[in-house]
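Taking it in order: structure first as structure tokens, then the write-up.
Since every read-out is calculated from the coordinates, none of them should be taken as a lab result. In this text the structure is predicted, and so the values were computed from the model without any measurement. Glycine also receives a Cβ, built like all others from the backbone with ideal geometry; neighbour counts cover every protein chain displayed.
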Amino acid sequence: MLAGAKTRTARAREYLMCPPERFTVEYAINPWMDTDRPVDTELAVKQWRGLRETLVRLGHTVHTLDPVAGLPDMVYAANGAFTVDGHVYGARFRYEQRRAEAAHHRAWYLAHGWSDFHIPEHTNEGEGDFAYANGLVLAGYGFRTTVAAHAEAQEALGRPVISLRLVDPRFYHLDTALAALDDETVAYWPGAFSPASQRVLAQLFPDALIADEADALAFGLNLVSDSRHVVLNSAASGLVGKLAARGYEPVPVELAELLKGGGSVKCCIAELRR
Ligand code: ARG
């Protein structure tokens with residue numbers, strides 16, 4: 001930590017992850033996916049285990065969802081639902097290739113005591129497009145989740161939902177461009193948002209960590225924070241320094257194989273908020 005920076009306090013978290021034993025890139029539904037580029041599934045599993053062990057070492061509880069044959073993107077467990085205050089808003093995937101994942105997530109939540117599970121009518125990709133910060137649900141739209149789902153989520157969760165328009169196809173989910181760092185603030189790259197949504201973010205989070213395009217392109221904003229330790233893709237070296245300057249403890253992890261599907265740390269982790 002740098003001199004003068006604030007000391008941050010970690011809070012133990014509960015997460016849900018799904019191992020990439022079935023991970024491949026056999027269709028392309030975002031600009032990062034290239035079906036001609038081979039995937040090393042074994043390496044993906046090894047990197048994923050490193051991420052899981054990092055979270056456990058930091059004192060967090062990690063639950064595991066079993067992977068299912070024919071659902072290669074299931075490793076991106078963040079997309080299966082969004083939770084806050086013990087309420088669960090289920091996912092409804094935009095693309096046919098991922099649609100069946102939603103029921104597996106739902107079964108997991110119901111089997112683990114999350115009885116207040118809302119089956120959505122509207123298209124939404126769970127924590128891919130929903131984040132929680134400062135008592136608010138921040139919600140992305142423009143590529144996957146629809147605005148109608150934002151209103152539906154507010155009714156399901158009882159928290160104010162703030163709609164933010166994503167405009168850059170490389171950052172097709174909110175969690176590729178914005179992340180909660182703690183209960184008060186977020187980090188984001190403004191260029192991924194419409195000018196009006198940038199103004200909304202500036203109003204709500206005047207102290208936000210403003211990342212740049214290189215941080216976002218390195219999937220640095222696809223991070224998971226416990227309010228002190230910030231677990232992020234090791235390629236995002238620029239963001240590491242910015243986090244440290246604010247008193248966070250960056251914890252870089254190597255996750256390059258999962259980038260071939262268009263995801264990194266956050267995509268692999270759903271946070272369970274009771
Ligand atoms: N291949 C997946 C898709 O395009 C990647 C999902 C990444 N997940 C995320 N939370 N951003 O749907």
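When each of Thr83, Thr145 is tested for being among the β-branched types (Val, Ile, Thr), buried (at least 21 other Cβ atoms within 10 Å of the Cβ) and assigned to a loop (DSSP other than H, G, I, E, B), the lone residue that passes is Thr145.
Within the range 75-95, the set of residues being of a type in the set (Val, Ile, Thr) and within 10 Å of the ligand (Cβ to nearest atom) comprises Val75 only.
Looking at Thr145, Thr185, Thr176, Thr123, just one residue is farther than 26 Å from Ser227 by Cβ and among the polar types (S, T, N, Q), and that residue is Thr123.
Arg199 falls short on exactly one of the conditions (1) without any contact (Cβ under 8 Å) to a residue 60 or more places away in the chain; (2) in a loop (DSSP other than H, G, I, E, B), and that condition is (2).
So that you can scan it fast, the table gives a plain yes or no per residue for (1) surrounded by fewer than 17 Cβ atoms within 10 Å (Cβ to Cβ); (2) closer than 23 Å to Ala28 by Cβ:
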| residue | (1), (2) |
| --- | --- |
| Gly135 | yes, no |
| Ala151 | yes, no |
| Ala156 | no, no |
| His173 | no, yes |
| Ala180 | no, no |
| Glu184 | yes, no |
| Ser197 | no, no |
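Residues that are of a type outside the set (A, V, I, L, M), more than 27 Å from Phe117 (Cα to Cα), within 16 Å of the ligand (Cβ to nearest atom) and not in a loop (DSSP other than H, G, I, E, B) within the range 156-195 comprise Pro169, Arg170, Phe171, Tyr188, Phe193, listed in sequence order.
Examine the range 256-272 for a residue that is within 25 Å of Phe143 (Cα to Cα), without any contact (Cβ under 8 Å) to a residue 12 or more places away in the chain and either away from the ligand (no atom under 16 Å from the Cβ) or of a type in the set (Gly, Ala, Ser) (or both), and state whether such a residue exists. No, because not a single residue in the range 256-272 is within 25 Å of Phe143 (Cα to Cα), without any contact (Cβ under 8 Å) to a residue 12 or more places away in the chain and either away from the ligand (no atom under 16 Å from the Cβ) or of a type in the set (Gly, Ala, Ser) (or both).
Of the residues Ala107, Ala91, Ala103, Ala111, the single one that is among the aliphatic types (A, V, I, L, M) and surrounded by 20 or more Cβ atoms within 10 Å (Cβ to Cβ) is Ala91. Taking Arg13, is it away from the ligand (no atom under 11 Å from the Cβ), crowded, with 16+ Cβ neighbours inside 10 Å and farther than 22 Å from Gly126 by Cα? It is false that Arg13 is away from the ligand (no atom under 11 Å from the Cβ), crowded, with 16+ Cβ neighbours inside 10 Å and farther than 22 Å from Gly126 by Cα. Here Glu271 fits the description: of a type in the set (D, E, K, R) and within 16 Å of the chain's Cα centre (by Cα).
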